[in-house]
Amino acid sequence: MIARAPGEPVSRIVILGGGSAGWMAAAALSRLVSAGASVTLVESDAIGTVGVGEATIPPLLDFNAALGIDEHEFVAATQGSFKLGIEFVDWGRLGDRYIHPFGKYGPSTHGINFHQLWLRQHLLGTAETDPGRIDDYAIAIAAAVRGRFSRPSGNPKAVLSSLGYAYHFDAGLYARFLRGYAERHGVVRIEGKVGRVEQAPEDGFLTALVLEDGRRVEGDFFVDCSGFRAVLLGEALGVPYRSWKHWLPCDSAVAVPTEGAGPPLPYTRSTAGAAGWRWRIPLQHRVGNGHVYSSDHISDAAAQQALIEGLDARPIADPRVLRFTAGRREKLWEKNCVAIGLAGGFIEPLESTSIHLIQSGIFRLLGLFPDRGFSPAETGEYNDWLIEEYEHIRDFIILHYHATTRDDSDFWNHCRSMKLPDSLAARLELWRGKGRLLPRHNLLFKEESWLAVLLGQNIVPAASDPLAAMLPVDETARFLAHMRDMVARTAEAMPRHEDYIAQHCPAAPAVFQ
């Protein structure tokens, strides 16, 4: 019988699966090799990865920094570009266009949130008090629409200090980059397919992966990065999957890369269609394109045709169709196995959260790394934290679909009229009254993100914070005009995105067949 011994260190860590999830986990866990642990990653070149996660959000900067990765080296190695936000086209209604920016809109003043000052002036409805679009106060938006980029300023008084950014990159090249990092730090890669999983008969804990050729890879702790199949957490340990398709009906995607079409834009574009949406992600030497859709509302052939017709350059590969169901496992950590990435859950690509959920799971794992006792309190804390984050992200994604007046298809009629999760319904009710967006624990998307989507998709509160009404109207108007001017002037002074890349992180030329 295998003893579960509290205090006895985990010495053999086995990761199943490569791709972004596997190699991000391996790179982060490689620090344990110097402490005497072994880290082994098992993958097969014959098993493909999803590989369309080419857009990210700002927390990835923290992950790379924790590994000591040089940003410019990483961007060049992954043919990357910089991302200041996401442009949404035709979401609230046909013809609408707005950007969800990274960073802030404007400073609070007299203890009053900036958006409440803007909202108060907007609701007054006079030409003299018109504050313009709230987009005019976000340096990330001002830079994005001008094709500009630079790093944020370290001076907290500078407009440029409120800039946030992330990356576009080739996910396959990122995995390769991290593989090199991990192997240099002692991670061992084993090529092979898993034939079966061995478990201890007395308690069901995982003990070894048996490969198809008979090799055994033993471990004390297992990280399941095997993708949607969830070979360890789902198949071996039987943790069920909870579907969110009733809220997020898109269950398919078709993806195709194209040649570059001019200088890469510093933002992702998401264009809503009749039964889903299309993405456009610009890298240095190519553009990632895809169509996320509901197979209940459009055929694969029609979805692919809509994607091809919307391309602005020559395809450089055949389209690939992917299937998924939005949702998560009931637990992300069971016994001596934790699922990272698609093995644990998938919401959908809309706000580029897949890679974030990988890194969030890794960081939380490092904070609660087990001994061989596998404390239920620690695994319970891990599950509670990750489930809360999954559900917060779920609500934010649902908002995009629900906050629409589109009635041009059965898909949008369903999304507009569906019953919301109680957590999202309560948040919307609070917003509609006086524009309240109260901070909560463990939220990835902060106030600015919710602001962008709510106002961008035309949900304007009935009133503003009463505190904002205490400030003189003309004084507030002058303050906002000054802020608009400072944001525009700062953006104009920034270097062009393509010039910044050419100076700091140009990738080697790509060759397309």
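Computed from the coordinates by the stated procedures, all read-outs in this text should not be read as laboratory data. Note that the structure is a prediction, hence the values are computed from the model and not measured. All Cβ positions, even for glycine, are placed from backbone atoms using ideal geometry, and neighbour counts span all protein chains on display.
Using only the Cα atoms, what convex hull volume per residue in Å³ does the range 252-323 have?
Enclosed volume per residue, from the Cα hull, is 74 Å³.
In a shell of Cβ-Cβ distance under 14 Å around residue 488, excluding residue 488 itself, what net charge do Lys and Arg (+1) and Asp and Glu (-1) give?
+1
Residues with amide H under 5 Å of residue 103's amide H, sequence separation 5 or more or different chain, H placed in the peptide plane at 1.01 Å from N; which?
Correct list: 164.
Checking the cross-link filter: which aspartates and glutamates have an alpha carbon closer than 17 Å to that of residue 157, excluding same-chain neighbours under 8 positions apart?
485
Relative contact order of the range 252-323: what whole-number percent is it, with Cα pairs under 8 angstrom and at least 6 residues apart?
Result for the range 252-323 is 44 percent.
Please give the net charge around residue 105, taking every other residue with its beta carbon less than 10 angstrom from that of residue 105, where Lys and Arg add +1 and Asp and Glu add -1.
-3
At a Cα cut-off below 19 Å, give the lysines reachable from residue 434, other chains included and same-chain residues fewer than 8 away excluded.
Result set, ordered by chain and number: 446.
Measuring from centroid to centroid over Cα atoms, what is the spacing of the range 268-297 and the range 416-482 in Å?
28
May I ask for the net charge around residue 93, where only other residues with Cβ less than 13 Å from the Cβ of residue 93 are counted and Lys, Arg are +1 while Asp, Glu are -1?
Result for the local shell: -1.
Among 245/331; 83/104; 83/331, which pairs are too far apart, with a Cα-Cα distance over 24 Å?
83/331
Considering only the chain, what is the antiparallel percent among its DSSP beta bridges, to the nearest 5?
If I count the DSSP bridges inside the chain, around 70 percent turn out antiparallel.
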